[in-house]
Each structure stands twice: as C-alpha cells, then as structure tokens.
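J.: What follows is a structure written as structure tokens; I'll ask about it next.
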Amino acid sequence: MAAKPCVFIHTNHRQLVGALVSRYSIARNSRNSERFDVRILHTQDHPFLREREGQAFRRDGTTAVWRYEDLQSFTPLRFKPPEEMGYAGRAVVIDPDVFAVGDLWELLSRDMAGKAIVCRPRSGSKGLEGGMASSVMLLDCARLQHWRCEQDFASLFAFERDYMDWVCLKLEPRETIGRFEDEWNDFDRLTPATRLLHNTKRQTQPWKTGLPADFTPARKRLRPLNPATWLRPLRRAAAPSYVAHPDPNQERFFFGMLKECLEKGIISEELLRDEMRQNHVRHDAFRVLERTPPLAA
C-alpha cells in the first residue's frame, strides 16, 4: 500500500505558534485534507541539533557557530521527511512561517515529471548564483534515499560540506530538481494567485512586531563590487527589533487564522499568553486580534 502523502512543518520553540497556525491553514484551505497527513517536526524531538550548541561549522565559505536558540535552528529538519516517510511516497516540507492560502493537495498531487524535488529559486544574490529555495519543497521520497539528516548535519561540523550549499540544494544533481510556480512559495507577497504565503523576511514577521530580534544575521561573503554589502552592518545595528510588516493584508491574514485557531481551541489562550511572555509572540497580540476582521470562508 502506498504511503499516504504528508506535509511536514519543521519548527523550534520560538516558532511554535507559526507552525500551529500553518498546520491549521493547510487543513482549513484544502478540499482534500483527508487525503494527506500534516505533521510537525520539532527540534526538541531531535537532540542531535542541541548537541552541537556552540560548535563551529562551515557556512557560505566561512566559519559560523551553531546556536540551538537561534530563530531558525530548525532548518536542517528540511531534509528529514524522506526518512520519516520510509523513503516512499510524496511529501511537502515547509518552514513554520509558511501559510496555506490555496489547496495544498494541488501541489502534493501534481506531475513531478520524474524529478526528485520540485521547488522555486531563491531570491536575491543566492538565486542569481543558482540557489534553490528549500523552504518549500515537494519531494519524491523514494528518489532521496541518500538524504540522512543527522549524518549530513554532522558533516557540516567536520567541514565536509557547506551549510549554504546544502540548504540551497547545490549538492543535488540539477537534473533531479524541477521548478514550480513562485506562488507556491510566495516571498512576502500576497496576491489572488498566492497558494503558499511565506513570511520569509524574519524582521517583519507579523506575529513578532516590536519584539527584540532573536536571530543571528547570516555572515555573508564580502562582495566589494556590490555597494549593498557596505550598508549591511549599518542596517543590522539600526534595526535591533522586529518591525511591522509593510503589507497590512499579510498581518490581517495571519491574525485572522490565529483568531480561528483560538475560537476552535487549536491554540489555547494560555499557550498564546505563555508564548507572549517568552517573547515568541508580540505583546499586543490580543489587541491585534480584537481589531482583525474574520477571514472569508
């Protein structure tokens, strides 16, 4: 019997509310939710991530230090689903800041044309250099039997592979990677065509406005011919906190989903207040919920 397709949302304790809202949005906005499962992969269930705390690893051609408490310490779990599926069937893996606007079954059931992975290019310089966005991937798990998440993560610390090459899928044969429409991983853009909204710019995630930043900016290689790199240290110093998302519709979308989660008991008021106390959710969340209109069915 074929494995039932599954959507995996990988997260850590800092992005748990996002992951819960994401899971709800997937079921809410699919007419075929009974045809697939949705599971959360939490860093707390994978101790190999915590065990590397403070250790040096290779990232983007330089050396970085692994921080389990970083906002995005869940990213290695993008490569866990084929193992979880027993290397059979299809899976979609998404970040915890990705929310379904359309029916995710349309992605799970599409023709993969023999590819092992279907995704979209990254934006910015990484995209221009051929990097692919592993934050949303459709996977044919039988074709990814070489993915061994824990072992591959360990190889970063042995300086046998580079983190950015890994997450940009540069270690995969390019002919095994297909491309889907950008709307299946819409980077901070919400339009009538959007299928999966990705609040990818960490500093403007709508549920964190006003909180102190809890992520480590990536150390990027200096590109002397690119003036934008000269301003990067100044921008980081001038923006130590999360700021409002420039698109109010994306804030309304998230809080509309969160409101429904509270009404249905999917997220309790107690859990939300605890997340606010831990600075994982903005302190005015309940005031924002009060002014947020109901979402369309």
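J.: Please label the shape of the range 1-92 as rounded, prolate or oblate, based on the square roots a ≥ b ≥ c of the eigenvalues of the alpha-carbon gyration tensor (a/c under 1.5 means rounded; beyond that, a/b larger than b/c means prolate, else oblate). Mind showing how you got there, number by number?
T.: Details: a/c = 2.74, a/b = 1.78, b/c = 1.54.
Cα axes put the range 1-92 in the prolate bin.
J.: Taking 0.36 nm per residue of separation and subtracting the Cα-Cα distance, what length does fully extending LYS4 through PHE48 add? Each step should come with its number before you reach the end.
T.: Working: separation 44, 0.36 × 44 = 15.84 nm, distance 2.74 nm.
In short, 13.1 nm is gained.
J.: Where does the chain land at 222 nm, in deg cm²/dmol rounded to the nearest 500, when only DSSP H runs of n ≥ 4 count, each adding -39500 (n - 2.57), divided by all residues? Mind dumping the intermediate values first?
T.: On the way: 10 runs with 83 residues, N = 297.
Rounded to the nearest 500, it is -7500 deg cm²/dmol.
J.: Also, I was wondering about something else. With label points built 7 Å along Cα→Cβ from the Cα atoms of SER125 and THR191, find their separation and express it in nm.
T.: The two pseudo-label positions are separated by 2.7 nm.
J.: List ASP45, ASP186 from most exposed to least, where exposure is judged by having the fewest other Cβ atoms within 10 Å.
T.: Numbers: ASP45 9, ASP186 23.
Ascending Cβ contact count within 10 Å gives the list ASP45, ASP186.
J.: What is the distance in Å between the Cα centres of the range 82-133 and the range 1-45?
T.: After rounding, the separation between the Cα centres reads 14 Å.
J.: Hey, another quick one. Pop a pseudo-label 7 angstrom from the Cα along the beta-carbon direction at both ARG148 and LEU211 and give the gap in nm to one decimal.
T.: In this crude label model, ARG148 to LEU211 measures out at 3.6 nm.
J.: Separate question: 5 Å is the cut-off here: which amide hydrogens, built 1.01 Å from N in the peptide plane, fall below it relative to THR209, excluding neighbours closer than 5 in sequence?
T.: So THR209 has HN proximity to ARG282.
J.: Multiply the residue separation of ARG174 and ALA297 by 0.36 nm, subtract the distance between their alpha-carbon atoms, and state the gained length in nm to one decimal. It would help to have the intermediate numbers written out before the result.
T.: Values: separation 123, 0.36 × 123 = 44.28 nm, distance 3.99 nm.
Value of the extension gain: 40.3 nm.
J.: Would you mind ranking HIS146, HIS42 so that the residue whose beta carbon has the fewest other beta carbons within 10 Å leads the list? Please report the intermediate quantities before stating the final value.
T.: Working: HIS146 11, HIS42 18.
Fewest to most other Cβ atoms nearby, the residues stand as HIS146, HIS42.
J.: Quick check: residue separation of GLU84 and ARG110 times 0.36 nm, minus the Cα distance between them. What number comes out in nm?
T.: 7.2 nm
J.: Name the aspartates and glutamates eligible as straight-distance cross-link partners of LYS115: C-alpha to C-alpha under 14 Å, and not fewer than 8 places from it in the same chain.
T.: Cα-Cα hits under 14 Å: ASP140, GLU172, GLU175.
J.: Bin width 5 Å, alpha-carbon pairs only: give the P(r) of the chain as whole percents, running from 0 to the bin holding the largest distance.
T.: Final binned percentages: 1, 5, 11, 16, 19, 18, 14, 10, 5, 1, 0, 0.
J.: While we're on this one: For LYS201, which lysines qualify as cross-link partners when the Cα separation must be under 25 Å and same-chain residues fewer than eight apart are set aside?
T.: Of all the lysines, those that pass the test against LYS201 - Cα under 25 Å, at least 8 places apart if same chain - are LYS80, LYS126, LYS170, LYS220, LYS259.
J.: Give the percent of DSSP beta bridges with both residues in the chain that are antiparallel, rounded to the nearest 5.
T.: 55
J.: Among THR204, MET85, VAL136, pick out the residue whose Cα is farthest towards the positive end of the charge dipole of the chain, where Lys and Arg carry +1 and Asp and Glu carry -1 on C-beta, about the Cα centre.
T.: THR204
J.: If you average the sequence gap of Cα pairs under 8 Å that are 6 or more apart and divide by the length of the chain, what percent do you get for the contact order? Walk me through the intermediate numbers first.
T.: Values: 513 pairs, mean separation 56.1, N = 297.
19 percent.
J.: Determine, for TRP207, TRP66, the number of other Cβ atoms within 10 Å of each Cβ, and report the residues in order from fewest to most.
T.: Working: TRP207 25, TRP66 21.
Fewest-to-most Cβ neighbours within 10 Å comes out as TRP66, TRP207.
Every number here is computed from the coordinates shown, using simple stated rules; none is lab data. Just so it is clear, the structure is predicted and the values come from calculations on it, not from any experiment. Using ideal geometry, Cβ is built from the backbone for each residue, glycine included, and neighbour counts are taken over all protein chains shown.
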